[in-house]
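Have a look at the structure below, then the notes.
The values are calculated or read from the model by the stated rules, or taken from the named source; none is laboratory data. Just so you know, these numbers come straight off a predicted model, no measurement behind them. Note that we place each Cβ from the backbone using ideal geometry, even for glycine, and neighbour counts take in every protein chain shown.
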Amino acid sequence: MTNEVIMRLSGDKLIMTVLTLQLPANLQFTDEQFEQIIAVNKDLRLELTAQGELVIMPPTGGETGNRNFDLLGQLWFWHNKNNLGKAFDSSTGFKLPNGATRSPDASWIRLERWDALTPQQRKKFLPLCPDFAVELVSESDDLEDTQTKMHEYLANGLKLGWLINPKDKQVEIYRPNQAPEVLQFPTSLSGEDVLPGFILNLQSIFG
């Protein structure tokens with residue numbers, strides 16, 4: 001199977017477009033087959049929707065990659081100091097209860113949920129929804145699609161989610177049974193009672 005990421009010029013900027021590949025209704029990937037597809041497409045981030053669509057995302061640009069690195073570094077520092085759970089980068093796949101396989105830009109689960117997984121489950125797509133997830137909107141991301149993904153996380157058990165939009169310097173905070181809270185030009189974010197004591201400094205991410 002070969003796939004393409006569409007690239008086009010807009011003025012002097014190269015725009016990379018996320019593609020969604022429609023699959024026949026009777027074609028269902030096993031986790032092992034999906035992992036094989038990922039293994040031979042290492043330059044792409046791939047996700048599966050609950051409807052069986054294969055989502056193909058291009059590599060990020062330098063600015064987004066640097067923001068992701070900063071975000072993960074701050075999360076790692078808090079995680080390493082507190083040891084309350086397990087943190088993951090964007091290469092980690094979560095098999096959600098609704099059947100979708102998603103890979104947030106950063107995520108975290110409580111230690112007791114990790115300990116409840118078998119050694120074999122830990123080596124595969126994790127069969128759960130993270131307690132905490134972050135999506136960082138990049139140049140190739142569609143904001144509405146990312147918002148839909150955040151609502152999907154909530155419907156599958158997410159406790160706290162951040163949608164960070166560096167272009168508009170805006171953050172949407174997602175909590176269960178609440179409408180998203182929209183913050184304009186925040187300088188920091190609190191992990192609240194989900195990640196107690198974690199404060200994300202947004203100044204370097206917003207730049």
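Starting from residues that are free of Cβ contacts under 8 Å to residues at least 40 places away in the same chain and in a loop (DSSP other than H, G, I, E, B), keep the ones in the range 124-148 and report whichever is surrounded by the most Cβ atoms within 10 Å (Cβ to Cβ). Walk me through how you get there before you give the answer.
Looking only at the range 124-148, we keep the residues that are free of Cβ contacts under 8 Å to residues at least 40 places away in the same chain, and these are 126-129, 133, 135, 137, 143-144, 146-148.
Pick out the ones that are also in a loop (DSSP other than H, G, I, E, B) and you get 127-129, 137.
Details: Pro127: 13, Leu128: 18, Cys129: 25, Val137: 22.
Step by step, filter the range 124-148, then rank; the result is Cys129.
Sort through Asp89, Asp105 and tell me the only one that's in contact with a helix residue (DSSP H, G or I) (Cβ under 7 Å, 6 or more places away or on another chain), surrounded by 14 or more Cβ atoms within 10 Å (Cβ to Cβ) and more than 19 Å from Gln147 (Cβ to Cβ). Quick ask: steps written out before the conclusion?
Details: Asp105 fails: more than 19 Å from Gln147 (Cβ to Cβ).
After applying the criteria, what remains is Asp89.
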Just give me the residues in the range 89-107 being assigned to a strand (DSSP E or B) and of a type in the set (Ser, Thr, Tyr), in sequence order. Thr101, Ser107
If we scan the range 149-157, do we find a residue that is over 17 Å from the mean Cα position of the chain (by Cα) and surrounded by 13 or more Cβ atoms within 10 Å (Cβ to Cβ)? no
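Can you tell me which of Ser204, Ser190 is surrounded by 12 or more Cβ atoms within 10 Å (Cβ to Cβ) and touching a Lys or Arg at 6+ places or on another chain (Cβ under 9 Å)?
Working: Ser190 fails: touching a Lys or Arg at 6+ places or on another chain (Cβ under 9 Å).
Step by step, each of Ser204, Ser190 is checked, and only Ser204 is surrounded by 12 or more Cβ atoms within 10 Å (Cβ to Cβ) and touching a Lys or Arg at 6+ places or on another chain (Cβ under 9 Å).
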Might you check whether a residue that is hydrophobic (A, V, I, L, M, F, W, C), modelled with pLDDT of 95 or more, assigned to a strand (DSSP E or B) and under 25 Å from Asp193 (Cβ atoms) occurs anywhere in the range 73-88? yes
Residues in the range 165-182: is at least one surrounded by 17 or more Cβ atoms within 10 Å (Cβ to Cβ), of a type in the set (A, V, I, L, M), in contact with a Pro (Cβ under 8 Å, 6 or more places away or on another chain) and under 29 Å from Pro97 (Cα atoms)? yes
(1) within 18 Å of Gly73 (Cα to Cα); (2) without any contact (Cβ under 8 Å) to a residue 60 or more places away in the chain: which one isn't true of Asn177, the others all being true? (1)
Among the residues of the range 108-123, write down those that are surrounded by 15 or more Cβ atoms within 10 Å (Cβ to Cβ) and either part of a loop (DSSP other than H, G, I, E, B) or of a type outside the set (A, V, I, L, M, F, W, C) (or both). Arg110, Arg113, Leu117
